[in-house]
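Heads up, the thing below is written out as structure tokens.
Derivation of every value follows stated rules applied to the coordinates shown; laboratory data play no part. If you're wondering where the values come from, they're calculated on a predicted model, not measured in any experiment. Neighbour counts run over all protein chains shown; Cβ positions are idealised from the backbone, glycine included.
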Amino acid sequence: MNHVLGKPAPSGEGNPSAAKKSRSSGPKVTGFRRFVAVDTLILLAIALSAGIAVWYFKGIGAVEEAVYADLRLVLQIVPMIVAGLLLAGLVEVLVPREFVARWLGTSSGFRGLLLATVAGAMTPGGPFSSFPIVLALHRAGADIGTMVAFVTAWSVIGINRLLVWEIAFFDSDFLIVRFISSIPLPIIAGLIARGLFARMWERAEQAKN
Amino acid sequence: MLISGIFLWSIVIVLSVIVLRKPGANYRRALQTFTTQGRRVAVRMPLALLAAGFIAVLVPQEVIGGLIGGASGFQGIVTSSILGSFIPGGPFVTFPFVIALKNYGAGDPQMVAFIAAWSVIAVHRAIAWELPLMGPRFWFIRFASSAVLPPLAGVLAALLWAAFGSHT
């Protein structure tokens, strides 16, 4: 595993635009790009074979019905998705990631967990934008609980995903309950990481230095 | 849907004005994020919706209802937590499947656990991003600290719905 924790900073460190560039040229990412293209093909294969199966078992009428339902849903969702993706880009430009790292790296205690949760929830984009922040947090001196709370908050109560995807797909009842019941999760994960694994993490960090 | 659309577009307009007026902020970079992301989504989302729709027609409703239906209780919450962990891809792939599952009788607390597991455990993301970038030790600690979260979210959601009774 050629992970970069505790090793010299990768080329993209501290500079979002450089990070973006390295995203499309780094060797790791080429592999991921290939993976992404493959996943489209897999989706296509699944859709086709499922469609053929529906045709075989339920007749052409059922296929047509499913396709129309799909088109209706796509038309409903597209305007929301376009707005949401624009939003993600705008937030990325407005809130530089070094700012987040500096702000969080030095806070500790329960306050640190809370701040990490808020920052994680407000971080837009996929793993390519969140994990570099976690690395930056690590280098700015954040503890394992803060990092875990950040990743958990970003993934489970991300505001960006809520605005872009969940509003488009789910009724308000479902998304409100889902959001509220997920709010405590980052803090809980952060506390567990701190309580059970802080020593294991620190010992490994000391062994590296 | 209409109201949330207006809400979303208003935020976009406000933020656009801020970015355009702020010296040094780069509107073109914001658009770049939009186009790269948009290209990823444009093909995959309709395909995922279609695949999810077809599969939902094929899988008997009783099977979904029995495994992860509203009456499946805590066992269904655990089952959907495990299922959700292995769903690959972004929200544009996963949410269509959640919609299809919901239409075919999956329970709401079970789907809350499903989405939490897909978000937090995310086996595909661990393999593609977390292990290479953060290393196995970080992944292990994060996984061990998060494993209980999806069922917990499902239980909390069930309690919320029970408390407020808006759920049928």
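Structure summary
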read-out	value
Lys, Arg +1 and Asp, Glu -1 on Cβ, resulting dipole of the stretch A:153-205 about Cα centre, debye, nearest 20	260
Exercise: per-residue mean of other protein chain Cβ atoms within 10 Å, A:182-192	5
Within the stretch A:76-92, backbone nitrogen closer than 13 Å to the virtual label 7 Å beyond the Cα of B:ILE18 toward Cβ	A:87-92
Full-stretch length increase - B:ASN103, B:TYR27 - with 0.36 nm per residue and alpha-carbon distance subtracted	23.4 nm
Listed residues A:LEU71, A:VAL100, A:GLY126: farthest to the positive end of the dipole of the stretch A:64-209 (Cβ charges)	A:VAL100
Scattering profile of the protein assembly as shown at q = 0.14 Å⁻¹ [log10 I(q)/I(0), Debye over alpha-carbon scatterers]	-1.28
Inter-site label distance for B:VAL63 and A:TYR56 at 7 Å from Cα along Cβ, in nm	1.4
Sorted by Cβ neighbour density within 10 Å, fewest at the top, the residues B:TRP9, A:TRP165, A:TRP154	B:TRP9, A:TRP165, A:TRP154
Stokes-Einstein D (µm²/s) once Rh is taken as the Kirkwood radius of the stretch A:131-204 over alpha-carbon pairs, at 10 °C in 1.306 mPa s	118
Label-reachable residues, the stretch B:54-78, where backbone N falls under 19 Å from a point 7 Å from A:GLN76's Cα toward its Cβ	B:54-57
Label point at A:ILE42 placed 7 Å out along Cα→Cβ; residues across the stretch B:49-74 whose backbone nitrogen lies under 18 Å	B:49-53, B:55
Sequence of A:MET122, B:MET45 once ranked by neighbouring C-beta atoms within 10 Å, starting from the fewest	A:MET122, B:MET45
Approximate spin-label separation B:ALA163-A:SER172, in nm, with each point projected 7 Å along Cα-to-Cβ	2.0
Size descriptor, Kirkwood hydrodynamic radius, that averages inverse alpha-carbon separations across the stretch A:31-91, Å	14.1
Unit Cα scatterers, Debye sum, chain B: log10 I(q)/I(0) for q = 0.08, 0.13, 0.17 Å⁻¹	-0.34, -0.84, -1.14
Inter-chain shielding of A:161-173 (mean C-beta neighbours from other protein chains, 10 Å cut-off)	5
Calculated FRET efficiency for the pair A:MET122/A:GLN206, C-beta based, R₀ 30 Å, to 0.05	0.40
Fewest-first ranking of A:ILE159, B:ILE127, B:ILE121, B:ILE68, using other Cβ atoms within 10 Å as the exposure measure	B:ILE127, A:ILE159, B:ILE121, B:ILE68
Estimated vicinal HN-Hα couplings, Hz - the stretch B:40-48 in sequence order (Karplus 6.51, -1.76, 1.60; Gly, Pro = x)	4, 7, 3, 8, 5, 5, x, 4, 5
